[in-house]
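Visitor: Have a look at this one.
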Amino acid sequence: MTEDFALRRAKAREKLDAIDPHRREGGVAADPRRRDWFEAVYELAGDDPAGVPWAGLAPHPVLAQWLEGRSLAGLRALDVGCGLGDNAEGLAQAGAQVVAFDLVARAIEWAKRRFPQSAVDYVAADLFHPPQEWRGAFDLVHELYTLQALPESLLPDAADALASFVAPGGTLLVISRARDAGQEVAGPPWPLTRAQIEALAVDGLRLTILEDIPASETIVRHWRAAFRREGVA
Ligand SMILES: C[S@@+](CC[C@H](N)C(=O)[O-])C[C@H]1O[C@@H](n2cnc3c(N)ncnc32)[C@H](O)[C@@H]1O
């Protein structure tokens, strides 16, 4: 990240925080699912990825490390809340047939513009009202940073939606920032607790691996969790 990019990002972050009702006392009812705010992020960014606070312009390092030496050849993968598409592209590079979706149509158009030759199928869709045909349709469902961007009250519905996409024998992979129970956070975003990660094991999913990845020079503490649905793909 250049100094100029970092400066533009810091300015954008300040502006976005200022218009985020979830950062104001009693503001939650104004935008309960944060739809308006997410729309505003991509609109205000224009064509500058510095304006999209989570855009790393490469697969996230915690996902990239999971993908190292792993082939996803032949797997159907779904990237949830894909933003500008870097993680979806990482999954596709590893061999998966990827569908990637985001609530914000502008993000989807931007991802398509960034990766014009991509094999990823980028789709505008809502996690809480997904297409029927996605039910049980994916061997790998990947979610990074969307859950932590949602108010806690939405997490049970989000868990149900994520689980619904996983095919028999399939995996849900969740990566988020981590915090201890009781640790104060000035969100959003709201890093997840261990209990919130464990609570994603719904609708026949079983938590198989929960990694607590400590903070390093380059990243803050993260969870990387894998859930499996029994059965044969
Ligand atoms: C914190 S960003 C993370 C983006 C991407 N996963 C990344 O790591 O670059 C959360 C993304 O989820 C999208 N999102 C929020 N609510 C959503 C919903 N109900 N359905 C689908 N996408 C949603 C937002 O538009 C945003 O792009």
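Visitor: Using +1 on the beta carbon of Lys and Arg, -1 on that of Asp and Glu, and nothing else charged, what's the dipole of the chain about the Cα centre, debye to 20?
Guide: Details: 25 positive and 34 negative charges, 37 e Å.
Using Cβ point charges on Lys, Arg, Asp and Glu, the chain gives about 180 debye.
Visitor: Among DSSP beta bridges whose residues both lie in the chain, state the antiparallel percentage, nearest 5. If you can, show how the numbers build up before the last one.
Guide: On the way: 16 of 36 bridges.
Counting only bridges with both partners in the chain, antiparallel ones make up about 45 percent.
Visitor: Cα gyration tensor of region 82-172, axes a ≥ b ≥ c as square roots of the eigenvalues: rounded (a/c below 1.5), prolate (a/b > b/c) or oblate?
Guide: On the way: a/c = 1.82, a/b = 1.26, b/c = 1.45.
The shape class here is oblate.
Visitor: Something else: Please work out the C-alpha center-to-center distance from region 181-217 to region 123-174 and express it in whole Å.
Guide: After rounding, the separation between the Cα centres reads 16 Å.
Visitor: Skip the ligands, DNA and RNA, and give the accessible area per residue of the chain with a 1.4 Å probe, whole Å². Numbers along the way, then the final one.
Guide: Values: 11470 Å² over 233 residues.
For the chain, the per-residue accessible area is 49 Å².
Visitor: With all protein chains present, how much of the accessible area of region 1-53 (probe radius 1.4 Å) comes from carbon and sulfur, to the nearest whole percent?
Guide: Details: 1760 of 3290 Å².
Roughly 53 percent, rounded to a whole number.
Visitor: Oh, and also: Got a number for carbon plus sulfur as a percent of region 54-229's accessible area, 1.4 Å probe? Please report the intermediate quantities before stating the final value.
Guide: Working: 3910 of 7810 Å².
Heavy-atom surface of region 54-229 belonging to carbon and sulfur, 1.4 Å probe: 50 percent.
Visitor: Probe radius 1.4 Å, ligands and nucleic acids left out: which of 129, 22 has the largest accessible area, and how do the rest follow? Could you put the intermediate results ahead of the total?
Guide: Details: 129 130, 22 20 Å².
Final ranking, largest accessible area leading: 129, 22.
Visitor: Going by the alpha-carbon gyration tensor, a ≥ b ≥ c the square roots of its eigenvalues, is region 54-229 rounded (a/c under 1.5) or, if a/c is not under 1.5, prolate (a/b greater than b/c) versus oblate? Walk me through the intermediate numbers first.
Guide: Numbers: a/c = 1.36, a/b = 1.23, b/c = 1.11.
Rounded shape, in that the Cα axes give a/c under 1.5.
Visitor: Here is a further query. Let me have the 222 nm mean residue ellipticity of the chain computed from DSSP H runs of 4+ only, each contributing -39500 (n - 2.57), with the sum over all residues rounded to the nearest 500.
Guide: Working: 7 runs with 67 residues, N = 233.
When only DSSP H runs of four or more count, the value is -8500 deg cm²/dmol.
Visitor: Separation between the residue 128 and residue 208 pseudo-spin-labels, each 7 Å from Cα along Cα→Cβ, expressed in nm?
Guide: 3.1 nm
Visitor: Which whole-number value in Å³ per residue fits the convex hull of the alpha carbons of region 143-208? Kindly include the intermediate steps, with their values, before the conclusion.
Guide: Values: hull volume 5.2 nm³, N = 66.
That works out to 79 Å³ per residue.
Visitor: If you take every DSSP beta bridge fully contained in region 114-233, what fraction is antiparallel? Give it as a percent rounded to 5.
Guide: On the way: 16 of 23 bridges.
Bridges in region 114-233 that DSSP calls antiparallel: roughly 70 percent.
Visitor: Same structure again: Please work out the FRET efficiency for the pair residue 119 and residue 25, using the Cβ-Cβ distance as r and a Förster radius of 45 Å; give the result to the nearest 0.05. Working shown, then result.
Guide: On the way: r = 46 Å, r/R0 = 1.02.
E(calc), rounded to 0.05, equals 0.45.
The values are calculated or read from the model by the stated rules, or taken from the named source; none is laboratory data. Keep in mind the model is a prediction, meaning the values are calculated, not measured. Glycine also receives a Cβ, built like all others from the backbone with ideal geometry; neighbour counts cover every protein chain displayed. Accessible surface is based on the protein model in full, side chains and every heavy atom, while ligands, DNA and RNA are left aside. Shrake-Rupley method; radii C 1.70, N 1.55, O 1.52, S 1.80 Å.
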